[in-house]
1. So which residue, out of Gly275, Gly256, Gly267, gets the largest mean-square fluctuation from a GNM of the chain using Cα contacts under 10 Å as springs?
2. What ranking of Asp123, Asp258 emerges when the number of other C-beta atoms within 10 Å of each C-beta is taken as an exposure proxy, fewest first?
3. How large is ³J(HN,Hα) for each residue in segment 249-262, as worked out from phi by the Karplus curve 6.51 cos²θ - 1.76 cosθ + 1.60 (θ = phi - 60°), to whole Hz, x for Gly and Pro?
4. According to a simple spin-label model (label point 7 Å from Cα along Cα-to-Cβ), what is the distance in nm between Lys98 and Ala164?
5. For Met221, enumerate residues with amide H under 5 Å from its amide H, sequence gap 5+ or separate chain, H modeled in the peptide plane.
6. When you have a sec, figure out the Kirkwood radius of segment 23-303 from all distinct Cα pair distances and drop it here in Å to one decimal?
7. Residue by residue through segment 194-200, which ³J(HN,Hα) values in whole Hz follow from phi under the Karplus form 6.51 cos²θ - 1.76 cosθ + 1.60 (θ = phi - 60°), with glycine and proline marked x?
8. Could you list Tyr89, Tyr74, Tyr243 in order of exposure, starting from the residue whose Cβ has the fewest other Cβ atoms within 10 Å?
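What follows draws every value from the coordinates through simple rules; no lab data is involved. Keep in mind it's a predicted model, so treat the numbers as computed, not measured. Virtual Cβ from ideal backbone geometry, glycine too; neighbours counted across all protein chains shown.
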Amino acid sequence: MSKSAKHPLPVFDPASFKLPPTGVESHAHLDDRRFDSDRAEVLSRAKAAGIAFIGQVFLSSEQLEQGQGLFALYPEVFFLLAIHPNEAYLLTDGELEKLRVNCKTNRRIRAVGETGLDYYWKDCAREAQKTTFIRLIHLALEVGLPISVHSREATEDTLEILVAEGAVNHPLVWHCFGGDSAMAERILKLGWHISCPGPVTFPANKTLREAIKNIPADRLMLETDCPYLAPMPYRGKRNEPAYLALTVQAMAEARGVDAAELWTSCGKTAMKFFGLVPGQPCSYSISTSKLQPCSVDVSAAGGSLGSALPPKCFA
Ligand SMILES: [Zn+2]
């Protein structure tokens, strides 16, 4: 008999966590084909778990065109749009122009992302990744949208480029944070936000829990990055937004606070960051000038750019 047959996974009941309808899932890939058979159920479980808004990431203008119809009936789903660092070569001049037009005209798009550097996978040369990252930072600054950053085994280069290209003092979230307290501090000093994924629930990730403990709630968000990175006890399975209920329990425990309270404060942080208003569909018109960056001491942040460890997302 297999181990899983002896110890079947508990049936997931999103309502059993009794979280208020104030949560925000800041980063999901629900257009993935692994959701094709039950996307409606996944979205309804997200609602039952207390998720008010979901950030759906599209990784090219073609993916947006093909995938946005999947969410036509779900006004709680907003979009992030960019080119993934592993596919940096996709950013031709023509594609950049399409992204620009979409960012300017599609009100469901609330951030440029995920964009950044990924030195873990060897799919794309580092120089090409850097060029694409820089062009997408400039796009975000031009259209006035927040940036969602993907950085894997590339912390120093990511920080260096963001600072050099003028992203300090611009709304930015470090997606899928996996670093330690020193790394978190560097990001916070630059005025940015941090998004915590499911691996915070993994027993070995004490360093991450320690880092999450000290991040002010007005800089902290929750995400799944689903279908990847499912929290315990579903590690290795398909992830989905409702599992944020498990992630927030581990974070609340680390911080010694009430999970429902943390759920709401992280939700408020994400709503402010992405310009979302409770009860309003994600397609309503916003003025991006309402997006408020944090004010930061750039000199202090610049002084500590050489010390933090690279993120370890998969410990
Ligand atoms: Zn992602």
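1. Gly256
2. On the way: Asp123 13, Asp258 10.
Lowest count first: Asp258, Asp123.
3. 4, 5, 5, 5, 4, 4, 8, x, 10, 6, 5, 5, 5, 5
4. 2.9 nm
5. Residues meeting the amide H criterion: Ile194, Ser195, Cys196.
6. Across segment 23-303, the inverse of the average 1/r is 18.6 Å.
7. Here the 3J(HN,Hα) series is 10, 10, 9, x, x, x, 4 Hz.
8. On the way: Tyr89 14, Tyr74 19, Tyr243 26.
Listed from fewest to most nearby Cβ atoms, that is Tyr89, Tyr74, Tyr243.
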